[in-house]
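Take a look at the structure set out below.
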Amino acid sequence: MEIVILLGAPGSGKGTVCSRVAEIAGYRHLSTGDRLRAAIKTGTAVGREAKPYIERGDLVPDEVMIRIVAEAMTAETPDRRRFILDGFPRTEEQARLLQQFLRDQGGSLRAVILLEAPRDVLIARLAGRRVCRDCGATYHVVNIPPKREGRCDACGGDLVQRPDDNEATVRNRLDVYERQTASLIAYYEREVGLQPVDSARPLDVMVSEIRDLILADAS
């Protein structure tokens, strides 16, 4: 088992970058948010445990999150257990639990990559994001505009702004991210090293650099 961890603030492009890099570098994109929602929807044991926290708007405990991640990883056959993690770990304690899981599985942490961008760039990205009400496809009013204003290219559904993408909320989300991840970033800098990547650049440039980092480290 091998994993790559991709860290970054809201708006840094983690989800998009993970998908692209995973495809070209031979890893599987593991979005913990998607896995959490799937576990709750299908009613797995760990999903049932996490559901009350989500319904109350509370954070899911670290011990429950690591079980969701472990469940997703071990569900794959051994030859497919190479993952890029998107959205996990979020705390130093989660990072420690993940390291213990990897030791137990005889796995390795290939690289920890931190996407960095100026705060004004992150705010502009998030405040300009639009999501299809029907299929969930994501656009941006400047960077990835739809062919027809306000309409999804894929299904024709209405494009809307998520409530947490208004500018005031975005600024608060970035403040929360910085407070919550300061110790996590310090942990990885101290324990395994961190590879910073400038995420204000074009997507293709960023993806190429991260791919090279992963494959160079693997060699």
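The values are calculated or read from the model by the stated rules, or taken from the named source; none is laboratory data. Values in this document were obtained by computation on a predicted structure and should not be read as measured data. So basically every Cβ, Gly included, is an ideal-geometry build from the backbone, and we count neighbours across all protein chains shown.
Here are some notes:
- The residue pairs whose first member lies in the range 91-109 and is touching a residue at least 24 places away in the same chain (Cβ under 8 Å) and closer than 19 Å to GLY193 by Cβ, whose second member is among the polar types (S, T, N, Q) and part of a helix (DSSP H, G or I), and whose beta carbons are closer than 6 Å, counting only pairs six or more residues apart or on different chains, are GLU92/SER183.
- Residue match in the range 16-27 (condition: touching a helix residue (DSSP H, G or I) at 6+ places or on another chain (Cβ under 7 Å), modelled with pLDDT under 90, more than 22 Å from ASP212 (Cβ to Cβ) and not hydroxyl-bearing (Ser, Thr, Tyr)): no
- Residues (in a loop (DSSP other than H, G, I, E, B) and more than 17 Å from ALA111 (Cα to Cα)) located in the range 1-48: ALA9, PRO10, GLY11, SER12, GLY13, GLY43, THR44
- Of ASP58, ASP79, all but one fail to be among the acidic types (Asp, Glu), over 17 Å from the mean Cα position of the chain (by Cα) and either within 30 Å of ASP204 (Cβ to Cβ) or modelled with pLDDT of 90 or more (or both); the exception is ASP79.
- Checked against the criteria, VAL121 counts as out of contact with any Asp or Glu (no Cβ under 7 Å at 6 or more places or on another chain), over 19 Å from GLY87 (Cα atoms), in contact (Cβ under 8 Å) with a residue 60 or more places away in the chain and outside any loop (DSSP other than H, G, I, E, B).
- Taking the criterion of being exposed (fewer than 12 other Cβ atoms within 10 Å of the Cβ) and aliphatic (A, V, I, L, M), the only residue of the range 155-175 that qualifies is ALA168.
- Test set (1) over 29 Å from LEU122 (Cβ atoms); (2) part of a helix (DSSP H, G or I) - ALA72 fails condition number: (1)
- Residues of the range 75-101 that turn out to be aromatic (Phe, Trp, Tyr) and part of a loop (DSSP other than H, G, I, E, B), as a count: 1
- Among the residues making up the range 49-63, those that are in contact with a Leu (Cβ under 9 Å, 6 or more places away or on another chain), buried (at least 17 other Cβ atoms within 10 Å of the Cβ) and assigned to a helix (DSSP H, G or I) are ALA50, ASP62.
- Only a single criterion out of (1) surrounded by fewer than 19 Cβ atoms within 10 Å (Cβ to Cβ); (2) under 30 Å from ASN143 (Cα atoms); (3) within 19 Å of the chain's Cα centre (by Cα) is not satisfied by LEU114, namely (1).
- Looking across the range 58-77 at every residue that is of a type outside the set (A, V, I, L, M) and without any contact (Cβ under 8 Å) to a residue 24 or more places away in the chain, the one that is farthest from GLY47 (Cα to Cα) is identified as THR77.
- A single entry from GLU76, GLU49 fulfils the requirement of being more than 15 Å from LEU7 (Cβ to Cβ), touching a Phe, Trp or Tyr at 6+ places or on another chain (Cβ under 9 Å) and among the charged types (D, E, K, R): GLU76.
- Of the residues making up the range 11-39, just one is over 10 Å from the mean Cα position of the chain (by Cα), among the β-branched types (Val, Ile, Thr) and crowded, with 20+ Cβ neighbours inside 10 Å, namely VAL21.
- Which numbered condition VAL21 misses (of (1) over 21 Å from VAL197 (Cβ atoms); (2) among the β-branched types (Val, Ile, Thr); (3) in contact (Cβ under 8 Å) with a residue 24 or more places away in the chain): (1)
- The range 205-219 - residue that is at pLDDT 90 or above and surrounded by fewer than 14 Cβ atoms within 10 Å (Cβ to Cβ) and, of those, farthest from GLY128 (Cα to Cα): ASP212
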